[in-house]
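**Q** Dropping the structure in here first, questions after.
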Amino acid sequence: MYTRQDGHEVFVIDGHMHFWDGSPENQANKYGKGFIECFHGYHQLFTPTELLWPLDQFEKYGEARLVRDEFVNGYVDIAILQPTYLKDFFINGFNTTEQDSVVKKAHPDRFILNGSFDPRDGDRGLEYLRRLKGEYDITGVKLYTAEWKGSSKGWKLTSPEAMRFLEECQKLGIVNLHIHKGPTIYPLNKDAFDVSDIDEPASLFTDLRFIVEHAGIPRLEDFCFIAAQDTNIYAGLAVVIPWIHFRPRTFAEMMANLLYWLGPDRLLFGSDYAIWEPKWLIDEFMAFELPQDLKDEYHVDLTPEVKEKIIGLNAARLYGIDTAAHARKIATDDVAQQRAAAAPAAPVQA
Amino acid sequence: MIDERDVWARVGEVLDPELDRPLSALGFVECVEIRGAQVEVRLRLPTFWCAANFAFLMAADLRDRIGRAPGVERVTVRLMDHFAQDEIADAVNAGRPFSETFPGEADGELDELRLTFARKAFLVRQEQLMRALLRAGETPERLARLRAADLRADGDALLLRRAPEHAGEEHAGQQGAWRRLPSLARLLAMLVQKRAALGLPTVADDDPLFTTEAGVPLPPQRTAVMAFLGTARMVRLNGAFNTLLCTGLNRVQHGVEVDADALCAGGQEPESAGIPGERRAQA
């Protein structure tokens, strides 16, 4: 819970975070090393200097640190684990559903565990998706279209194979598809960050929600134009929110456009932990005001009500969470106790 | 004898096809080494994972442009700290096309990709000129009516033909049929360059000056002009976001400092007109 200055409590869902292992022991090749170092570059660019992590900490941080950063210090009530397999780059995978299930099992009410699929796996992949549903009752998947597999450098959502998987998702009740674009694609001569392959499936599968992670950055404009046409397209704000510290004006321009093209009900907060810690993101986001010139120009605003939707209520709606009931459920769990112990002592009444 | 300044001037003519800004100003070219009639140029992009197709275009364009400098017999491009550095450099230095660089992973060359981003760059450059004219007091309706002959460069300034209804009036000491708009000539030159790069026909004197990226004249209604500007603004903002992202990552990853604000304000110089399409450098 984030407590506003007026005392109002805001339910927080971190819609996009990871429990990864990018350590040298797990790196399979130069691509794994390049991958975690590229992530660390993003971490360094956007993170306030006093909160920077050294590379070795960033490569592997473990369960205790994750729980502390997300729930004890980071205001988060529920965190959504988004797996990224990358088995061609990391020996055991970067963060698979199975790896993520360890922290989910330890804190069942604090995490939503998402799965994943890869259309290039064919029938075996469909079987794996059904197994994930049976074993973990997943309602969402993270899809990484730039995943390498053998000689393949990626896949498209419009391929016939992908369509079979989307049909299966519909059948199984896996309704939240978190899509992560770039930096490779098939075919390689096409724009690696292209978001246009989301348009057709979103029109065909109107029961499914297509949550485009980092709002399609670096193709924010193409994403906005597509999202304006399909109401089942959503923006995940991982990589958008951190601009708030690096370039507040740029962040404001991004938010004004997202509010203008998608409206306040289709934007989901995500930290992309461990690239960034939720605490500073949320502190700065809750204090942020849209500049008057952008309010006037775009006729949008980032009011406390809009922030509350973005920071938790929108994701709660997509994942069927009753926030009041859930808040009661986790009010005294082990994480809440850690949080109470970590909180500064209340001022003594005279 | 190769003139190093000449080589760098040519590096400055090569644009990042996505960001529409010169590689030299972006800080992506690490160094140029001249040995006799041979030039080696090192390209270091902000991250290990920068898109392979853009990296290929930049490497091929560098080799092509530098290769035309007087006295240069051979250009070797080296791509540093990139996931496909050897595949791309080997192919570019041998003059091989992209499709043969990644067998089975590409289904064509990079013409379409280059065209997609040339269209975006065109929208942005035209928007910058149109907004400058709006700030100077012209109306959206007038912009849609402008013919090519209504606007011409005069040194750093632009001369804009007055609307017929105002032609005889005196305006702040400037009498006559033309308004002088200081320092805007660059914006027109940049637009003309990009039109050529897009393969759009040269605008004849009586043709409408402002068009869509397909070359179709803008509709005359105020709302249509403003809608065009609204779309183009989003494309421009996205380009600025990506310029900040790329130059920022280059700073934290490789310590390269550039003036990102100037780059975002549209500080790019017009490049010499290029033909879209695969450049097969001479081997």
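Where a number appears in this text, it was derived from the coordinates with a stated rule and is not lab data. As the structure is a prediction and not an experimental result, all values here were calculated from the model. FYI the Cβ positions are ideal-geometry reconstructions off the backbone, even for glycines, and counts take in every protein chain you see.
**Q** Within the range B:220-232, is there a residue that is facing another protein chain (nearest Cβ under 9 Å), touching a residue at least 40 places away in the same chain (Cβ under 8 Å) and either within 19 Å of the chain's Cα centre (by Cα) or buried (at least 19 other Cβ atoms within 10 Å of the Cβ) (or both)?
**A** Checked against the condition, which is being facing another protein chain (nearest Cβ under 9 Å), touching a residue at least 40 places away in the same chain (Cβ under 8 Å) and either within 19 Å of the chain's Cα centre (by Cα) or buried (at least 19 other Cβ atoms within 10 Å of the Cβ) (or both), the range B:220-232 yields at least one hit.
**Q** Take the conditions more than 21 Å from residue B:12 (Cα to Cα) and of a type in the set (Asp, Glu) and apply them to residue B:40. Does it pass?
**A** Against the criterion (more than 21 Å from residue B:12 (Cα to Cα) and of a type in the set (Asp, Glu)), residue B:40 does not qualify.
**Q** Kindly evaluate residue A:138 against the criterion of being outside any helix (DSSP H, G or I), within 20 Å of the chain's Cα centre (by Cα) and either away from every other protein chain (no Cβ under 14 Å) or not basic (Lys, Arg) (or both).
**A** yes
**Q** Restricting attention to the range A:157-186, report how many residues are assigned to a loop (DSSP other than H, G, I, E, B), crowded, with 18+ Cβ neighbours inside 10 Å and not aliphatic (A, V, I, L, M).
**A** Residues meeting the conditions: 5.
**Q** Test residue A:249 against the criterion of being assigned to a helix (DSSP H, G or I) and either in contact (Cβ under 8 Å) with a residue 24 or more places away in the chain or surrounded by 21 or more Cβ atoms within 10 Å (Cβ to Cβ) (or both), and give yes or no.
**A** In short, yes.
Quick grid of which residues meet (1) touching a residue at least 40 places away in the same chain (Cβ under 8 Å); (2) out of contact with any Lys or Arg (no Cβ under 6 Å at 6 or more places or on another chain); (3) assigned to a helix (DSSP H, G or I); (4) hydroxyl-bearing (Ser, Thr, Tyr):
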position: B:30; (1), (2), (3), (4): yes, no, no, no
position: B:33; (1), (2), (3), (4): no, yes, no, no
position: B:39; (1), (2), (3), (4): no, yes, no, no
position: B:43; (1), (2), (3), (4): no, yes, no, no
position: B:53; (1), (2), (3), (4): yes, yes, yes, no
position: B:57; (1), (2), (3), (4): yes, yes, yes, no
position: B:62; (1), (2), (3), (4): yes, yes, yes, no
position: B:66; (1), (2), (3), (4): yes, no, yes, no
position: B:72; (1), (2), (3), (4): yes, yes, no, no
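**Q** Let me ask something additional. I want to confirm something. Restricting to the range A:141-190 and keeping residues that are among the β-branched types (Val, Ile, Thr) and closer than 26 Å to residue B:18 by Cβ, which single residue is nearest to the other protein chains (Cβ to nearest Cβ)?
**A** Checking each candidate, the answer is A:184.
**Q** For the range A:195-218, enumerate the residues that are over 15 Å from the mean Cα position of the chain (by Cα) and facing another protein chain (nearest Cβ under 9 Å).
**A** A:218 - this is the single residue of the range A:195-218 that is over 15 Å from the mean Cα position of the chain (by Cα) and facing another protein chain (nearest Cβ under 9 Å).
**Q** If the requirement is being away from every other protein chain (no Cβ under 14 Å), surrounded by fewer than 23 Cβ atoms within 10 Å (Cβ to Cβ), under 28 Å from residue B:241 (Cβ atoms) and among the acidic types (Asp, Glu), which of these qualifies: B:73, B:4, B:40, B:30?
**A** Of the residues listed, the single one that is away from every other protein chain (no Cβ under 14 Å), surrounded by fewer than 23 Cβ atoms within 10 Å (Cβ to Cβ), under 28 Å from residue B:241 (Cβ atoms) and among the acidic types (Asp, Glu) is B:30.
**Q** Report, by residue number, each residue of the range B:94-113 that is more than 10 Å from every other protein chain (Cβ to nearest Cβ) and touching a helix residue (DSSP H, G or I) at 6+ places or on another chain (Cβ under 7 Å).
**A** B:100 - this is the single residue of the range B:94-113 that is more than 10 Å from every other protein chain (Cβ to nearest Cβ) and touching a helix residue (DSSP H, G or I) at 6+ places or on another chain (Cβ under 7 Å).
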